[in-house]
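Have a look at the structure below, then the notes.
The values are calculated or read from the model by the stated rules, or taken from the named source; none is laboratory data. These numbers come from a predicted model, not from an experiment. Here the Cβ positions follow ideal geometry from the backbone for every residue, glycine too, while neighbour counts run over all protein chains shown. When the accessible area is computed, the model is the full protein with side chains, heavy atoms only, and any ligands, DNA or RNA have been set aside. Shrake-Rupley method; radii C 1.70, N 1.55, O 1.52, S 1.80 Å.
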Amino acid sequence: LEKMPQLTQVRRIEKKDFDIRTQAEPVIITNCIEESFMSQWDTDAFCETFGSIRTTFRVGTRNSKQIVWESDSQHIEISLREYKNWLRGDTCASCTQLEGLSPHTHWLYAGYKHEHELFSLPMSGTENNLAEYSNANAWKGVEEMGVELSWLWKGPESAKQQNKRKAVDGTFDVSQEIESGHASDSNGGNVSSGDHDDVAPPPPSPTFWIGSAGAYTPMHFDTYGVNFIAQMCGEKQWTLFAPSQTSGMYPTRIPFEESSVFSQVNMFDPTSFPRYENCVGFQVNLCEGDILFVPRHYWHFVECVSNSISLNFWIDQQQDHFERLKESLVRFLVCSIKDSELVTRDETNPRDIQEDDDESDWLNTGEAHSDFKTNLAAIQYCLDKLVPDSAQVSQTDVINAIVD
């Protein structure tokens, strides 16, 4: 029998038991989204209300035994209403991009669609009227739509916040306490008058993931922040592995995508990756109303069990400054290698010219090649953010450090 990784079901906890500062493993946070919200925004209702919005979907074949990278996939641009009708098997004759595609044999996936971008995308030309524009503006943001999620990333009330609240109640003189240096934050560190943890950060803008049954995101981990996923409708299966299992993930940076490190493991047929079978991880079917917390640098493979819409929020972490420096260095190296190929290519060889024109083998969809000067400036910018005194470091010093 084929040996597979040991997978444990993700634990479910209540809202009152969650603390972003101490949670080290994935958890499902239950009873966070009102049933009225989920019933209002199932796939049909969402795609009908915002039906005139056009966006790009990735196309894949169901029941395939091969992982297809996004850069190697077919992409089509259709409206959300055309997507909804396609799910029902009712394809408009004028929508030629959907010819030969059936929800029984293929899947469509519109992933990583930022809220502010999705709801500002152009309308379908045939539906360009006041009613459609009114519907497109119906989405007022997650918080305004009645789903209060900001407690997830704010964490418990800090000592300074408690002191300020007590000051408002007339039970505590916060200004005198801070002046004397006796006030401390929730981690025991001193709080100075320059701290701003009493000001709640604005909620991050979510990204939307709209996919039909069978759609998937290849195994990868995100280099920045931690991740919250709210399942609006449908069901998704998540398979997750801790950073300690990285050797069994066979990591690769090709195709390159800033903030994503991909795994070479074929999740549908991992027999060619022997270290993978010894990994220990987690698995969960994320259902309507669930919120999944994915800790920093956790590997994850995600597949739509049914037609699905989910939202996710990345929450920045202090370590992200260093991660951005690392990502800028990776981009520098990847683009430099590509540039060196241009120098050595044979201009008389049609194959060399064709390979230069096709960047899909090394850049993921949405990534663009950047030149030496731009990449160097990005490294300098990240250094400035990470080390206040980095302005004393010249670009020549940066180049020498990279070469060394």
I'm checking my understanding of the structure. Among residues of region 245-260 that are buried (at least 18 other Cβ atoms within 10 Å of the Cβ) and within 20 Å of Phe313 (Cβ to Cβ), which one is modelled with the highest pLDDT? Ser260
Where a residue in region 279-295 is of a type in the set (A, V, I, L, M) and its partner, wherever it lies, is outside any strand (DSSP E or B), with Cβ under 6 Å and at least six apart: Val284/Val10; Ile291/Cys32; Val294/Pro26
Pick out the one residue from Val330, Val334 that is of a type in the set (Val, Ile, Thr), at pLDDT 90 or above and within 13 Å of Asn375 (Cα to Cα). Val330
Kindly establish whether Phe268 is at pLDDT below 90, outside any strand (DSSP E or B), among the hydrophobic types (A, V, I, L, M, F, W, C) and open to solvent by 10 Å² or more (accessible area, probe 1.4 Å). no
Scan of region 299-326 for residues that are in a loop (DSSP other than H, G, I, E, B) and surrounded by 18 or more Cβ atoms within 10 Å (Cβ to Cβ), ordered by number: Asn307
Condition broken by Tyr83, with the remaining ones in (1) of a type outside the set (D, E, K, R); (2) surrounded by 11 or more Cβ atoms within 10 Å (Cβ to Cβ); (3) not in a helix (DSSP H, G or I) satisfied: (3)
Has region 126-142 got at least one residue that is closer than 26 Å to Val302 by Cβ, touching a strand residue (DSSP E or B) at 6+ places or on another chain (Cβ under 8 Å) and either in a loop (DSSP other than H, G, I, E, B) or modelled with pLDDT under 60 (or both)? yes
Scanning for something modelled with pLDDT of 90 or more, hydroxyl-bearing (Ser, Thr, Tyr), under 21 Å from Asp290 (Cα atoms) and open to solvent by 50 Å² or more (accessible area, probe 1.4 Å), does region 35-51 turn up at least one residue? no
Give region 92-112 a look and list any residue that's of a type in the set (S, T, N, Q) and open to solvent by less than 60 Å² (accessible area, probe 1.4 Å), or say none. Ser102
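Condition check ((1) out of contact with any Lys or Arg (no Cβ under 8 Å at 6 or more places or on another chain); (2) surrounded by 19 or more Cβ atoms within 10 Å (Cβ to Cβ)) across all residues:
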{"residue": "Ile20", "(1), (2)": "yes, no"}
{"residue": "Cys32", "(1), (2)": "no, yes"}
{"residue": "Ser64", "(1), (2)": "yes, no"}
{"residue": "Ile67", "(1), (2)": "yes, yes"}
{"residue": "Glu70", "(1), (2)": "no, yes"}
In region 277-298, is there at least one residue being part of a helix (DSSP H, G or I) and surrounded by fewer than 17 Cβ atoms within 10 Å (Cβ to Cβ)? yes
State whether the residues of region 209-232 include one that is assigned to a loop (DSSP other than H, G, I, E, B), modelled with pLDDT under 50 and not hydroxyl-bearing (Ser, Thr, Tyr). no
